[in-house]
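These notes are about the structure you will find just below.
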Amino acid sequence: MSKQVCTFYLENQIYGLYVLQVREVLRCQELTTIPLAPGAVRGLLNLRGSIVTTVDLRRRLGLPPDESGEPATNVVAQTATGLVSLLVDRIGDVVEVEAEALEPPPGVLPEPLRSLIANVCKLPTGLLLILNLERAMELDAFPA
Amino acid sequence: MSRPLTQHELQQQLVRELVVESMEYLDQFDQDLLAIENKSNDEETLHRIFRAIHTIKGSSGCLGLRELERMAHAGENLLSWHRDRAMTPGADTVRALFRFCDALRGLIHQLSNGPEAAQSLKLTPEHQQILADLNSLHQALKQEQLGGFQDSDAGSFGLFADEPAPPAAPSAVPAPPVASDEPAPKPAVETSVASDTAIRVAVSQLDVLMDLVGELVLTRNQILGHTSALLDPGMAKSAQRLNLITSQLQEKVMKTRMQAVGHVWNKFPRVVRDLSKELGKPVALVMEGSDTEIDRTLLEAIKDPLTHIVRNSLDHGIESPERRRAAQKSPRGEIKLRAFHDGGQVVIEVSDDGGGIDRERVLRKAIERGLVSPDQASAMPDSEVYGLIFSPGFSTAEAVTNISGRGVGMDVVKSNVERIGGAVVVESEPGRSTTVRLKIPLTLAIIPALLILAGGNRYAISQASLVELVRIDEEKAATAIESIRGCPLYRLRGQLLPLLYLREQLGLSPDGSGGALLLLVLEAEGRQFGMIVDDILDTEEIVVKPLGQELKNLSVYAGATILGDGRVALILDVLGMARRAGLLEDGCKKRATEDGFAAAADTEVLLAHIGSNRQVAVHLDSVARLEQIPVDRIEWSGNSEVVQYRNSILPLIAVGSVLGVPPSGDTRESGKIPVVVYSHEGAQYGLVVDRIVDIVRCAAAINPCANRPGILGSAVVAKRVTDFLDVPALVSVSGVVSYKSNSWGLF
């Protein structure tokens with residue numbers, strides 16, 4: 001059984017979400033900041049009338065901030081409770097992955113990355129990290 | 001749907017419709033049956049309940065639900081017998097029909113559980129018993145009539161022969177209608193079963209419609225902005241029309257979601273009837289304003305809390321008839337439901353004329369549970385004490401009943417109400433009444449809001465919590481704000497108003513610009529406070545949208561909205577903001593007039609003097625008698641003075657010494673002391689005062705005082721500052737023992 005994964009880049013590393021989780025991909029949007037919100041929350045975005053929380057995925061995964069000056073891309077994803085938007089450096093291709101190519105995240109990965117990765121997928125071109133979306137949105141459990 | 005329904009699917013759909021429809025019929029059935037029981041029925045009532053059951057029987061028969069049909073048939077038989085003779089069912093029959101209705105409801109409820117449930121619908125022995133009861137009632141009625149005229153319709157209604165009835169038990173003979181001494185109130189709610197002019201629409205459909213209209217409103221705002229720049233008269237005209245139509249559409253769509261509170265109240269007469277029978281407390285239910293409309297989702301959300309409050313009022317609030325008699329009240333209690341609009345909110349009150357909340361008992365329990373320390377307890381204002389009953393796991397019920405007393409519930413009530421942006425307050429007058437007041441926003445969807453600016457971001461504040469706006473000029477700004485130990489305060493017309501700086505609360509850098517200060521006076525939980533903002537922008541009707549699950553812990557926001565320019569603005573939650581800033585704790589000034597409507601309770605009070613010159617007041621309702629007691633009749637019991645009074649022992653409480661007022665010294669010289677005999681919860685106490693002055697009507701607002709146990713508050717009565725005595729508190733402070741006795745006669 002193969003599944004399609006929507007990929008994106010952070011710090012030149014390739015990450016992915018299953019396409020069924022992804023609603024749409026947007027260019028950089030105007031955000032309203034939320035004082036007092038967890039640090040990884042960048043603000044609120046108006047997606048055609050729905051208000052969507054936008055999370056800085058770099059910060060969430062414990063990566064250094066983006067200094068390239070390039071505008072970030074929003075990956076709007078569907079969670080059990082609603083829509084969220086993830087800020088990523090740039091969007092990649094949709095790839096097919098086989099179930100055999102998936103492995104649990106290796107223990108050497110640093111936290112919080114290890115808890116937020118569902119699987120590591122061995123692609124011919126490199127390793128694709130598949131995000132555990134629900135975990136990544138539990139912002140209180142892992143204060144960023 | 002593109003393909004035709006299969007037989008099975010069609011059956012499923014029909015069953016679903018049967019469930020919805022039957023439930024509606026049964027609700028109506030309940031109300032009509034109640035009307036019959038209260039003798040407030042008319043000719044139509046009997047026909048209506050007959051038709052309801054007849055329809056349910058018919059539909060269940062068509063769908064092959066034999067068991068349901070059998071059940072309905074038994075009820076129908078009994079009803080048709082009454083209907084044909086235009087005879088009002090007697091008390092026994094009504095009781096049996098209530099059980100029948102519940103059984104039917106239970107069976108129909110099972111149907112909603114899916115296709116298997118419809119197949120496996122079985123009558124339990126309990127159901128069989130109800131069936132048998134109905135049949136034997138029917139038989140007994142027939143027997144009774146047989147002498148008079150020939151029964152022409154034995155089993156004539158329906159398709160099959162009647163169940164063989166067991167021999168009629170003597171108890172099954174219908175009792176003559178029970179004579180009741182008081183005329184029963186007519187149920188205030190009259191609803192009609194859905195007629196041809198209404199259709200059923202899924203709520204989710206309306207939600208989508210609402211969202212789309214919200215979007216349309218925003219687009220309209222943008223178009224209006226663009227056209228004003230274009231200076232094209234044709235375009236401007238179209239834009240104007242678009243504007244008008246959009247507003248009307250928005251209003252109408254909002255209307256579709258409104259429902260009268262009567263929809264939820266309808267089931268209360270039945271709840272109250274059953275409970276009052278069970279508890280042996282006769283209670284009249286009065287409903288006012290049942291046509292007040294409120295957003296459907298909100299109504300749904302307050303359904304359970306309201307039911308809980310009503311049950312609670314009956315169980316804890318209303319005393320037993322004996323106690324009520326002892327307190328000179330009518331043995332029949334009253335629970336009153338009231339709904340009305342109040343400044344963009346809907347207020348729903350549940351009040352009872354019961355014993356009120358016992359402050360000391362609540363505090364004792366709270367101290368036991370470690371919710372407050374004994375020191376805090378004595379200083380707590382009543383409203384906060386009453387608020388304690390909403391703490392999780394809190395119950396003052398001495399015995400756990402199956403109705404209430406398990407300490408679950410009131411906290412759920414509070415959290416449910418607050419979740420929808422409402423508030424709940426309790427007021428109580430010891431010995432007289434308790435009122436639980438829910439304040440519910442009219443609609444969750446669209447609220448009038450004030451837009452303000454802080455740190456470059458716009459925020460919205462619901463106008464419901466806004467009291468006034470104050471501008472403090474530049475030259476006064478530096479000195480106008482005073483502070484006590486770092487807490488900023490502002491003197492607003494002589495009253496100290498605690499303040500918070502919005503920037504500071506939101507963790508933004510302070511505003512260094514100087515200049516005039518803009519102050520919003522806000523109200524939360526009956527207390528006012530000021531909020532300093534950078535700028536006040538405009539008022540706007542905003543569409544409230546919830547924040548994502550990942551931000552649920554931010555209690556300072558009530559949601560977010562999309563402004564005319566498409567940007568998102570956060571909506572500040574005034575209550576959450578005040579809590580965060582610690583402004584709702586002790587020592588904050590409570591508004592004297594508690595929302596305006598509770599203020600002027602016109603009551604009769606007894607005025608007395610204690611010490612050399614202090615005037616105190618006691619509510620007259622609790623005063624049993626005034627006595628002059630000869631000093632030589634005073635005896636001692638334990639540590640307190642008592643007198644023999646009407647074959648019992650009356651403990652005396654020297655009000656002056658309990659309140660720490662120096663005695664004037666001349667009272668006992670005269671050989672007699674004036675005593676106010678006060679009854680509370682079946683016990684009587686003698687309040688020793690120095691002089692009884694007068695009985696007056698007073699409509700003055702009592703200013704609650706925080707830390708004087710034994711005093712409710714003070715007000716100006718008869719041109720003098722008067723302390724209102726909190727007698728239950730006085731009793732517990734004085735430490736006297738009550739002598740409950742059965743010998744108290746009614747004077």
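The values are calculated or read from the model by the stated rules, or taken from the named source; none is laboratory data. In this text, all values refer to a predicted model and were calculated from it rather than measured experimentally. All Cβ positions, glycine included, derive from the backbone under ideal geometry; neighbour counts span all protein chains shown. Note: areas computed on protein heavy atoms with side chains; ligands, DNA, RNA excluded. Shrake-Rupley method; radii C 1.70, N 1.55, O 1.52, S 1.80 Å.
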- prompt: How high is the FRET efficiency from B:Asp304 to B:Val696, r the C-beta distance, R0 60 Å, rounded to 0.05?
  reply: 0.85
- prompt: For the range B:220-272 and the range B:646-661, what is the separation of their Cα centres, given in Å?
  reply: 64
query: Can you run phi through the Karplus equation (6.51, -1.76, 1.60; θ = phi - 60°) for the range B:98-104 and list ³J(HN,Hα) in whole Hz, with x for Gly and Pro?
result: 5, 5, 4, 4, 5, 4, 4
- prompt: Which of the trypsin sites (Lys or Arg not before Pro) across the range B:454-516 are loop residues per DSSP, with 15 or fewer other Cβ within 10 Å?
  reply: B:Arg485, B:Arg493
field: Flagged links, alpha-carbon separation over 32 Å, of A:Lys122/B:Lys552; B:Lys122/B:Lys142; B:Lys255/B:Lys414; B:Lys303/B:Lys552; B:Lys255/B:Lys552; B:Lys281/B:Lys414
entry: A:Lys122/B:Lys552
- prompt: So how much slack lies between B:Ser657 and B:Val631, counting 0.36 nm per residue of separation and subtracting their Cα-Cα distance, in nm?
  reply: 7.7 nm
query: Of all DSSP beta bridges located in chain A, what percent are antiparallel, nearest 5?
result: 85
- prompt: How far apart, in nm, are the 7 Å Cα→Cβ label points at B:Glu251 and A:Gln78?
  reply: 3.8
task: Would you mind getting me the FRET efficiency between B:Thr6 and B:Glu368? Use the beta-carbon distance for r and R0 = 60 Å, nearest 0.05.
output: 0.45
message: From the phi angles alone, apply the Karplus equation (6.51, -1.76, 1.60; θ = phi - 60°) to the range A:71-88 and give each ³J(HN,Hα) in whole Hz, x where the residue is Gly or Pro.
response: x, 7, 10, 9, 9, 8, 10, 9, 9, 4, 9, x, 8, 9, 10, 10, 8, 10
- line: The correct ranking of B:Glu368, B:Glu69, B:Glu384, A:Glu96 by accessible area at 1.4 Å, largest first, is B:Glu368, A:Glu96, B:Glu384, B:Glu69
message: Give me the extension gain from B:Asp473 to B:Arg419: residue separation times 0.36 nm, minus the current Cα-Cα distance, reported in nm with one decimal.
response: 15.6 nm
query: At a Förster distance of 56 Å, what's the computed FRET efficiency of B:Gln222 paired with B:Lys39, Cβ-Cβ distance as r, to 0.05?
result: 0.35
statement: With 0.36 nm assigned to each residue of separation and the Cα-Cα distance removed, A:Ser50 to A:Arg135 gains 28.4 nm
query: Considering the zone a paramagnetic label at B:Arg361 would reach in this model (a point 7 Å from Cα along the Cα-to-Cβ line), which residues of the range B:280-324 have amide N under 11 Å from it?
result: B:316-320
field: Dipole magnitude of the range B:203-257 about its Cα centre (Cβ charges: Lys, Arg +1; Asp, Glu -1), debye to nearest 20
entry: 220
- prompt: What are the residues whose amide H is under 5 Å from the amide H of A:Leu86, where those residues sit 5 or more places off or on another chain and H is modelled from the backbone?
  reply: A:Val55, A:Val75, A:Val76, A:Ala77
In the range B:227-316, the GluC sites (Glu not before Pro) that fall in loop regions by DSSP, at most 11 other Cβ within 10 Å: none
- request: Give me the distance in nm between label points sitting 7 Å out from Cα along the Cα-to-Cβ direction at B:Asp565 and B:Gln495, one decimal.
  value: 3.6
- prompt: Are there trypsin sites (Lys or Arg not before Pro) in the range B:508-574 that DSSP marks as loop and that have at most 14 other Cβ atoms within 10 Å, and which are they?
  reply: B:Lys552
- request: Please work out the Cα center distance from the range B:481-534 to the range B:13-40, rounded to the nearest Å.
  value: 55
